[in-house]
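The values are calculated or read from the model by the stated rules, or taken from the named source; none is laboratory data. All values reported here derive from a predicted model rather than from experimental measurement. Reconstructed Cβ throughout: ideal geometry from the backbone, glycine too, with neighbour counts over all protein chains shown. Areas reflect the complete protein model, heavy atoms only, side chains present, ligands, DNA and RNA absent. Shrake-Rupley method; radii C 1.70, N 1.55, O 1.52, S 1.80 Å.
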Amino acid sequence: MALRAKVLTVSDGVVRGTREDRAGSAVAERLGTAGFEVVERRVVEDGVESVRDAIRELVAGFAGVVVTVGGTGFGPRDLTPEGTRAVLEREAPGLAEAMRHATFGSNPHGMLSRGLAGAVGAALVCNLPGSASGAVESLDVVLDALPHALDLLAGGRPH
């Protein structure tokens, strides 16, 4: 099965052109080196509706990973988890907790991430933090589990 991914950057600053999308680029690059074909990248502003609508569009008929980058903290516009929760059919709390746990030793602020993970049809959605290093570090923690999760979502049998 071909591994496919889409990257959604959630950032008012990137949408306005006042900030470079370093985290989205870093995540796309890391997915590529892990054997995923990144078939789409998109940027949306922060907010429940913008995230919800973008994820709905990205998962429609898609079998693969949709990774969001940004909007998982406690800022007033950090609403990626709320937009994601509105779309998820089944949450995968183990993935989200593993990503948070991985940062405990290196970044005391990592525990403030509110990111979610879960399934929508044959797609797996994972929220990553907005910093390039935090996003890649979080992604690295779950990368090995993603192909198996996608296989199961596609109707494969557990190993």
Open item on the list: I'd like the residue in the range 23-47 that is over 13 Å from the mean Cα position of the chain (by Cα) and within 18 Å of Gly75 (Cβ to Cβ) and, out of all such residues, is most open to solvent (accessible area, probe 1.4 Å).
Closed with: Glu45
Task: Selection within the range 40-61 - more than 17 Å from Asp21 (Cα to Cα), out of contact with any Asp or Glu (no Cβ under 7 Å at 6 or more places or on another chain) and β-branched (Val, Ile, Thr) - done: Ile55, Val59
Open item on the list: Take the residues in the range 145-159 that are at pLDDT below 75 and touching a helix residue (DSSP H, G or I) at 6+ places or on another chain (Cβ under 8 Å); name whichever of them is farthest from Ala122 (Cα to Cα).
Closed with: His159
- [ ] State all residues of the range 7-31 that are over 21 Å from Arg56 (Cα atoms) and out of contact with any strand residue (DSSP E or B) (no Cβ under 6 Å at 6 or more places or on another chain); if no residue qualifies, say none.
- [x] Gly13, Arg16, Gly17, Thr18, Arg19, Glu20, Arg22, Ser25, Ala26, Glu29, Arg30
TODO: With the condition kept exactly as written, say whether any residue in the range 118-128 is without any contact (Cβ under 8 Å) to a residue 40 or more places away in the chain, open to solvent by less than 30 Å² (accessible area, probe 1.4 Å) and assigned to a loop (DSSP other than H, G, I, E, B).
DONE: no
Task: Odd one out for Ser113, checked against (1) open to solvent by 20 Å² or more (accessible area, probe 1.4 Å); (2) over 21 Å from Ala154 (Cβ atoms); (3) at pLDDT 95 or above - done: (3)
Task: Candidates Val51, Val65 - the one that is assigned to a strand (DSSP E or B) and under 19 Å from Ala5 (Cα atoms) - done: Val65
- [ ] Among the numbered conditions (1) in contact with an Asp or Glu (Cβ under 9 Å, 6 or more places away or on another chain); (2) within 19 Å of Glu37 (Cβ to Cβ); (3) among the acidic types (Asp, Glu), tell me where Asp78 comes up short.
- [x] (2)
- [ ] Determine if the range 150-159 includes at least one residue that is farther than 19 Å from Asp21 by Cα, among the small types (Gly, Ala, Ser) and open to solvent by less than 40 Å² (accessible area, probe 1.4 Å).
- [x] yes
TODO: Could you grab the pairs with beta carbons closer than 6 Å, sequence gap of 6+ or different chains, first residue in the range 19-45 and among the hydroxyl-bearing types (Ser, Thr, Tyr), second one part of a loop (DSSP other than H, G, I, E, B)?
DONE: none
- [ ] Would you check if Thr18 is under 20 Å from Asp144 (Cβ atoms), more than 15 Å from the chain's Cα centre (by Cα) and open to solvent by 10 Å² or more (accessible area, probe 1.4 Å)?
- [x] no
